[in-house]
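K.L.:
Please find one structure pasted underneath; my questions will follow.
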Amino acid sequence: MGTTAGIVLAGGRSTRMGQPKAWLEWHGSTLLYRAAAVLARTVDGPVVVVAAPGQELPPLPPAVTVVEDPVEGLGPMQGLAVGLAAVADRAETAFVCSTDMPFLHPAFVRRVLRALPEGTDVALPVARGFRQPLAAGYRTTLAGLVRDLLAEGDLRPGMLFKHCEVVQLDDAALLADAELARRDPALDSVVNVNSPDDYTAARERPEPEITVECFGALARNGGHRPRAVRAATLGAAASAAGLTLDRHIVAALNGDQVTRDERLPLVAGDTVAFLSADAGG
């Protein structure tokens with residue numbers, strides 16, 4: 001599969017929402033920060049956000065870069081062309097998503113990208129009854145073809161699929177992946193937030209269930225025992241454990257990624273271990 005990248009399309013007009021979706025809050029993070037950070041913790045290559053000309057964006061994770069779409073109003077195909085071109089020299093494939101997917105799970109991203117063997121151009125989920133071109137995997141070499149189609153006036157992703165090799169992944173194919181079936185059995189990863197009602201419903205959904213553990217000096221009074229809590233960010237997980245992230249405490253996510261980023265998004269099934277930095281953490 002080679003190096004994988006992440007692309008978040010943030011330049012939509014948010015007409016139905018009535019306000020910029022990138023800035024909307026969901027359990028302690030903006031929708032854009034969460035989408036970009038979920039990709040950053042999943043792929044092994046660059047993550048870029050494609051913005052409209054002059055678009056103001058909320059803060060982003062440190063490793064995420066912004067590329068500006070030079071043309072406004074051409075829809076997701078234009079953003080796709082810009083995003084693929086921005087990462088083409090650093091990654092063979094990319095997962096492309098919109099900014100408004102608060103339930104996107106790394107297991108979904110990995111499953112989609114694994115469906116891009118040599119010879120396949122697009123891994124297109126057909127999940128929950130709909131094609132999902134903005135939760136799909138693309139070969140970065142498609143950037144030129146997308147530009148050519150745009151020049152001919154083809155603004156719909158469906159036109160791209162007629163010109164390349166596409167593998168479609170229905171619910172059964174997606175959920176054949178054991179990790180995805182366990183962590184996101186309803187395929188909520190593809191749920192997006194288009195209207196105020198959608199946003200209200202998304203905010204009413206509970207935070208993901210994760211496991212927290214404490215070690216060393218932090219494990220007093222039985223605190224070393226793993227326990228389930230609900231938290232959508234590392235900061236919320238620390239609060240649930242009665243801790244405040246500071247220079248004295250670090251967290252290990254799923255046994256490897258060590259961080260103090262309180263805005264780091266958490267997803268169902270994560271394990272967060274807190275330990276004292278003074279004790280070698």
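The values are calculated or read from the model by the stated rules, or taken from the named source; none is laboratory data. Quick caveat, the model's predicted, so the values are computed rather than measured. Here the Cβ positions follow ideal geometry from the backbone for every residue, glycine too, while neighbour counts run over all protein chains shown. Surface areas here come from the heavy atoms of the whole protein model, side chains and all, with no ligands, DNA or RNA. Shrake-Rupley method; radii C 1.70, N 1.55, O 1.52, S 1.80 Å.
K.L.:
Do you know which of the residues in the range 146-158 that are part of a helix (DSSP H, G or I) and under 25 Å from the mean Cα position of the chain (by Cα) is surrounded by the fewest Cβ atoms within 10 Å (Cβ to Cβ)?
P.N.:
If we take residues in the range 146-158 being part of a helix (DSSP H, G or I) and under 25 Å from the mean Cα position of the chain (by Cα), then GLY158 is surrounded by the fewest Cβ atoms within 10 Å (Cβ to Cβ).
K.L.:
Please go through the range 238-251 and pick out each residue that is outside any loop (DSSP other than H, G, I, E, B) and farther than 17 Å from ALA40 by Cβ.
P.N.:
ALA238, SER239, ALA240, ILE249, VAL250
K.L.:
Evaluate the following for PRO117: is it buried (at least 17 other Cβ atoms within 10 Å of the Cβ) and either acidic (Asp, Glu) or not in a helix (DSSP H, G or I) (or both)? Working first, answer last.
P.N.:
Details: buried (at least 17 other Cβ atoms within 10 Å of the Cβ): no; either acidic (Asp, Glu) or not in a helix (DSSP H, G or I) (or both): yes.
For PRO117, the condition - buried (at least 17 other Cβ atoms within 10 Å of the Cβ) and either acidic (Asp, Glu) or not in a helix (DSSP H, G or I) (or both) - is not met.
K.L.:
Okay, next question. Suppose we filter GLY269, GLY235, GLY255 for residues that are outside any helix (DSSP H, G or I) and touching a residue at least 24 places away in the same chain (Cβ under 8 Å); which single one remains?
P.N.:
Details: GLY235 fails: outside any helix (DSSP H, G or I); GLY255 fails: touching a residue at least 24 places away in the same chain (Cβ under 8 Å).
So the residue among GLY269, GLY235, GLY255 that is outside any helix (DSSP H, G or I) and touching a residue at least 24 places away in the same chain (Cβ under 8 Å) is GLY269.
K.L.:
Of the residues THR244, THR271, which is at pLDDT below 95, β-branched (Val, Ile, Thr) and open to solvent by 30 Å² or more (accessible area, probe 1.4 Å)?
P.N.:
Going through THR244, THR271 in turn, the sole match is THR244.
K.L.:
Follow-up question, since we're still on this one. For the range 193-216, how many residues are assigned to a helix (DSSP H, G or I) and surrounded by 14 or more Cβ atoms within 10 Å (Cβ to Cβ)?
P.N.:
Final tally of qualifying residues: 4.
K.L.:
Let me ask something additional. Inspect the range 66-81 for any residue being free of Cβ contacts under 8 Å to residues at least 60 places away in the same chain, open to solvent by less than 30 Å² (accessible area, probe 1.4 Å), of a type in the set (Val, Ile, Thr) and outside any helix (DSSP H, G or I) and give the result as yes or no.
P.N.:
Within the range 66-81, none of the residues are free of Cβ contacts under 8 Å to residues at least 60 places away in the same chain, open to solvent by less than 30 Å² (accessible area, probe 1.4 Å), of a type in the set (Val, Ile, Thr) and outside any helix (DSSP H, G or I).
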